[in-house]
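The structure appears below as structure tokens.
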Amino acid sequence: MARLPIKMNGLLTDLYELTMAAGYFEAGKAAEKGTFEFTIRKLPPQRNFVLAAGLTQVVEYLLNLSFTGEEIAYLRGLPQFRHVSPEFFDHLRGFRFTGDLFAVPEGTPLFAGEPVLTIRAPLIEAQIPETYVLSAVAFQTLVATKAARVAEAAGGRAVVEFGTRRAHTPEAGVLAARAAYLGGCAGTSNTLAGFQFGIPVMGTSAHSWVMSFPTEAEAFRQLQRVLGESAVHVIDTYDTLEGARRAAGTGGPMWGVRLDSGDFPALSRQVRAILDEAGRSDAKIMASGDLNEYRIRDLVRAGAPIDAFGVGTQLATSADAPFLNATYKLVELEISGIKRFTAKFSEDKLSYPGAKQVFRDVARDVVARSGECGKGEALMRPVILGGRLIEPLPMLESARAHAARSLAALAPALRELETGEPWPIVYSRELRELTERTRRNLMG
């Protein structure tokens, strides 16, 4: 699949990542290896899980991260770097990620307290990615999770992501389309997402098409002539039922019609009857317009004869849960081959020391120290070692299939839209003991 050229700007980060990088360098800590973990601190409201997404973008970022001469000149001119030695900027000129990345596969359901990914690298290389990694993973994870909820509510009926025009930037719309497809949507309206990621693209016309012609009937005839079996006629520009009759009378094959407003349960039944009476029983009905998982669930439960749903704003912005409470914390240091474990013990913001693994079986998840043996599937897997990708990442279709299998394996209560009893998460004895030793060492 064709991809756009990758350019990872070294300045696409918070300033304090770079001031800390300079500080590590000046303090002689550049050779120390740091292990950082991205961990879900709390689940968003009304969520029983989150669906991990965004790993592909993290990998592309790490493998292509560098600093141009112009970017380095900009940093040298900032007052915060006035006392930094020229050698640090020489270091940035040759900056490349040479470390390791471990992560759960995209499409894996996760719960509060579990790591999503681990980066182990020289301190500067591990610190600078924090901002990008948190942003890339959190955003796509939120949208993929929302998509999984919407798809669950649809009960097997297709859901199409329509949200780019409501996304926070056009670029966010592309990644939202990717995450939504991973989470279970059937396609997207975003053409660039289709080109980049191979996602099916859908959509044919808006109300402006209808309004640009002298009559609605003429608008439908012209669209039918151009698009044939792909035509989807939006029928609520003037009078929905009359629009349905005109669409049914166009002749020739069409995909169907779209309802974008009104009383969907009543209108869909009336439109279905009009299409069937006109011999258009193969024509489908799509509904769009301020839909979310709860409205879709209500429509499905009411037996509305709607074949597909278009979801925009609520999906592309994860409107009811627009942020992920997650952290990127230093959990261990390696200095001249000797490990020193680190953790945060402040109230409500506890972090656990050491690199970790998650084992999942049929009854619970166990968060353990990396290297422990455990029962069930080990979720954290090596992705990059020594700055090199160890094997090609799964294509989006494979990640989507993994998500579907993983979601189907969840307990039914976890797939409900309302929050229920949380999935059991326990910490291994070795991890608990390490945490207590670290607390005693750090706090005297």
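Any read-out appearing in this document is the output of simple, stated calculations on the displayed coordinates, not a laboratory observation. The model shown is predicted, which means the values in this text are computed figures rather than measured ones. FYI the Cβ positions are ideal-geometry reconstructions off the backbone, even for glycines, and counts take in every protein chain you see.
Say the cut-off is 18 Å between C-alpha atoms; which of Lys33/Lys349; Lys33/Lys375; Lys33/Lys356; Lys33/Lys339; Lys29/Lys339 go over it?
As for pairs spanning more than 18 Å Cα to Cα, those are Lys33/Lys349; Lys33/Lys375.
What residue among Val150, Leu291, Ala244 has its Cα farthest toward the positive end of the dipole of the stretch 145-316, where the charges are +1 on Lys, Arg and -1 on Asp, Glu, each on the Cβ?
Val150
Going by how many other beta carbons lie within 10 Å of each one, how would you line up Val50, Val300, fewest first?
Lowest to highest Cβ neighbour count: Val300, Val50.
For each of Ile72, Ile285, count neighbouring Cβ atoms within 10 Å of the residue's Cβ, then give the residues from fewest to most.
Ile72, Ile285
Once the Cβ-Cβ distance between Cys373 and Arg432 is put in as r, and R0 is 22 Å, what FRET efficiency do you end up with, to the nearest 0.05?
In this case the efficiency is close to 0.85.
Roughly how many debye, to the nearest 20, is the charge dipole of the chain about its Cα centre, given +1 on each Lys and Arg Cβ, -1 on each Asp and Glu Cβ, and no other charges?
Here the size comes out at about 680 debye.
What is the fewest-to-most order of Glu17, Glu87, Glu130 by other Cβ atoms lying within 10 Å of their Cβ? Kindly include the intermediate steps, with their values, before the conclusion.
Numbers: Glu17 15, Glu87 10, Glu130 21.
Ordered by Cβ neighbours within 10 Å, fewest first: Glu87, Glu17, Glu130.
What is the stretch 313-444 by shape, rounded, prolate or oblate, if you read a ≥ b ≥ c off the alpha carbon gyration tensor as root eigenvalues and call it rounded for a/c under 1.5, prolate for a/b larger than b/c, and oblate otherwise?
prolate
Take the alpha carbon atoms of the stretch 419-444, find their center, do the same for the stretch 106-174, and report the distance between the two centers in whole angstrom.
26
From the helices alone, meaning DSSP H stretches of at least four residues, give me the mean residue ellipticity at 222 nm for the chain, per-run term -39500 (n - 2.57), in deg cm²/dmol to the nearest 500.
-11500 deg cm²/dmol
Among Val367, Ile390, Ala401, flag the residue with its Cα farthest along the positive direction of the charge dipole of the stretch 323-444, charges on Cβ as +1 for Lys/Arg and -1 for Asp/Glu.
Ile390
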